[in-house]
Structures are given as structure tokens and as C-alpha cells.
Amino acid sequence: MSRLIVTLLLLPTMCLGGETGQDSTTSAVALDVPHYVIERAATKVTIDGVLDGAEPWQTATAIDSFQFPWWTTGAREGTTARLLWDEKYLYVAFVATDAYISAYLTERDAPVSRDDAVEVFFACDPADVSIYFNFEFNALGTILDRSPRDSRSSEWNGEGVQVGIAIDGTLNDSTDTDRGWTTEIAIPFADLAPFAPNLPPHDGDHWRLNLYRIGGEVNSQFSLWSDTRTQRPQYHKPDRFGLVEFSTNLAGSSLTSP
């Protein structure tokens, strides 16, 4: 099978900074949501969908505990995610096992969840999780994004969002068996102003965040990191987002410490 790499790059914008501190209500987050520490990238992250040995992803902690609360039939196809950050970007990588990869939508803000897609939702201020962003990407690299601006209007598009896709298989061909696809994402902190207390985040800052996988023409997937506890698939549940903490420790540094 062939490997297809699709890379979409939009020019980044100037990073903006906030001056207010995090709210202490973070400590009241329910203990039954998952927690994750986002460490700093030790080296440059190249957004091309290829997570090779030269990339800092190898030392980032893996999230391999995606849940399937709405599963009925078919194979539960695994997803692994990792997160990093630096002064300008939040980075997210997904590695999705997928025997039948499908994606057709190419227009910005098309309903990409109809295709094989991965998604990251987050609230930058845990004191008000109703103010959240969502970024969604299909296996072609098509972006759907929403912000708290103008009642989550589709008119808003994040500037400088980068996505790289690598497909290990044959896209939109259900006659053979694929291996999976990888998504590498960079979200500029500048896009998040003024809805974050600190940009870039400070050491110890907390956000609420969830990671999702959805769609597919064959064996549709509905999996997620933090269970939304809804009867039917529902990803817009910020009160059930997991808790992430930003750390200035370089990813992997704890593994090399004496």
C-alpha cells in the first residue's frame, strides 16, 4: 500500500499575551475526568504528519486510553494522542488505527465529522468551560474550527493553523485493508486571545480539554479521551473535558534525569 502525505499550512500570526492569572477554581474539577501534563517541545516540531525519531513526539507522554462509550458492533480501532507546546503553538498528534480510511470533504468548515476525523476541544479558562474552542480535521487535512466569538459563528477561521496528514493505506478504497493515519496539528496561541488568562500559558496553568475520533464510511468510530457520559455521541460537553496542565519541563527530561 502507498503512503499519502497531505499538508495544509496557513501563515501564522503574531502571538499575543495575557496578564491575568489562572482562577483557583481549577482545584474543584471533578476527580473522575482524566488528567494530562503538557510538556514543552524540546526541539522544533515539523508539521508534516510524520512522527519519526527526529521529532520531539517520541518523548511526549502518550494518551492511549480512548474510550468507546457508544460502541455496539464492529472493531474498536485504537487511537493514540500526544500533546506538546512552545511559545507560539499548542501541538497535538493523533495516530489512528483504521482499516478503511475515507475522507471526501475539502472546503474549510465543511462537516468533517462525516469523514474519518480527529478533533480537539478546549477551554483556556477552567473558571468558565462554556467558553471553548473546537478544531476538527478529516483525513484530507480539511479544517472545521469554531471559537467563542460571535456565538461560535462559522465566519471565524483560526489564522495560522497547521495540519499534516500521513495515510498508511489507500484513501477511499474499501476493497483493501489500510493500516491507519496520522495527524499532526499546530494551533497558534495567538488565535485564542482574548479567551485565555495567559498566552503563552504559564508553568502550572490548567486548561480543560478533550480529544475525539469520529466518522468513517466503513466501521464508523466514536471514541474519546474523557467520557462525556451522554446517551448518544455528543462531543460538545465542556463540563466533561479532561484537565491538562502546562509544564515548562522539556518533554522527556524526566526520563533522562539521574
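What strands (runs of 3 or more DSSP E) lie completely within segment 206-258 and have 1 or more residues being modelled with pLDDT of 95 or more and charged (D, E, K, R)?
The strands (runs of 3 or more DSSP E) meeting that bar are 206-215, 242-250.
Of the residues Ala75, Ala81, only one is surrounded by fewer than 19 Cβ atoms within 10 Å (Cβ to Cβ) and either at pLDDT 95 or above or of a type in the set (Gly, Ala, Ser) (or both); which?
Answer to the selection: Ala75.
Return the only residue of Trp156, Trp181 being aromatic (Phe, Trp, Tyr) and in contact with a helix residue (DSSP H, G or I) (Cβ under 6 Å, 6 or more places away or on another chain).
Exactly one residue qualifies, and that residue is Trp156.
Yes or no, residue by residue, for (1) of a type in the set (Gly, Ala, Ser); (2) touching a Leu at 6+ places or on another chain (Cβ under 8 Å); (3) surrounded by fewer than 17 Cβ atoms within 10 Å (Cβ to Cβ):
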| residue | (1), (2), (3) |
| --- | --- |
| Thr106 | no, yes, yes |
| Phe135 | no, yes, no |
| Ala139 | yes, yes, no |
| Arg149 | no, no, yes |
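So, of the residues in segment 157-181 that are under 16 Å from the mean Cα position of the chain (by Cα) and either of a type in the set (D, E, K, R) or closer than 16 Å to Leu84 by Cα (or both), which turns out to be surrounded by the most Cβ atoms within 10 Å (Cβ to Cβ)?
Applying the filter and picking the extreme gives Val163.
If you go through segment 29-49 one residue at a time, how many are within 14 Å of Ala81 (Cα to Cα), of a type in the set (A, V, I, L, M, F, W, C) and surrounded by fewer than 17 Cβ atoms within 10 Å (Cβ to Cβ)?
1
Taking Trp156 as meeting all but one of (1) in contact with a Pro (Cβ under 8 Å, 6 or more places away or on another chain); (2) among the aromatic types (Phe, Trp, Tyr); (3) part of a loop (DSSP other than H, G, I, E, B), write down the number of the exception.
Among (1) in contact with a Pro (Cβ under 8 Å, 6 or more places away or on another chain); (2) among the aromatic types (Phe, Trp, Tyr); (3) part of a loop (DSSP other than H, G, I, E, B), Trp156 violates only (1).
Could you check segment 52-124 for strands (runs of 3 or more DSSP E) lying wholly inside it with 2 or more residues that are under 18 Å from the mean Cα position of the chain (by Cα) and of a type in the set (S, T, N, Q)?
Qualifying strands (runs of 3 or more DSSP E): 79-85.
What tally of residues in segment 108-133 results from selecting those that are of a type in the set (A, V, I, L, M) and touching a Leu at 6+ places or on another chain (Cβ under 9 Å)?
6
If you check Asp128, Asp116, Asp52, Asp145, which single one turns out to be among the acidic types (Asp, Glu) and modelled with pLDDT under 95?
Asp52
The values are calculated or read from the model by the stated rules, or taken from the named source; none is laboratory data. Predicted, not measured: the structure shown is a model, and the values here were computed from it. Using ideal geometry, Cβ is built from the backbone for each residue, glycine included, and neighbour counts are taken over all protein chains shown.
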